[in-house]
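The structure appears below as structure tokens.
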Amino acid sequence: MSMAIQVPVSWGELMDKISILEIKSERIDDAAKLVNVRAELTALAGVRGANLPADRPTLDALDRLMADI
């Protein structure tokens with residue numbers, strides 16, 4: 001059983017994590033892993049909510065580059 005914890009992070013860290021999870025959700029083939037990634041993505045996107053813009057092309061481009069390394 002996993003218990004969620006709350007840890008303070010900067011907005012930049014939150015946006016980076018969301019971007020990485022979005023990339024993972026596109027690339028993961030394992031159904032069980034995909035469920036976990038999507039659950040975490042949904043939770044973090046909910047925190048982001050209306051506080052920050054959803055469109056972040058520069059961060060996404062950098063994270064995609066790093067994912068390929």
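Bear in mind these aren't lab numbers, they're just calculated from the coordinates by the rules spelled out. Keep in mind the model is a prediction, meaning the values are calculated, not measured. Positions of Cβ are generated from backbone atoms using ideal geometry, with glycine treated the same way; all protein chains shown enter the neighbour counts.
Taking Cβ atoms as reference points and 15 Å as the exclusive limit, the residues near Leu34 contribute a net charge of -1, counting Lys and Arg as +1 and Asp and Glu as -1. Sequentially through the stretch 33-43, phi angles give Karplus couplings (6.51, -1.76, 1.60; θ = phi - 60°) of 5, 5, 4, 5, 4, 5, 5, 5, 4, 4, 5 Hz, Gly and Pro residues having no value and appearing as x.
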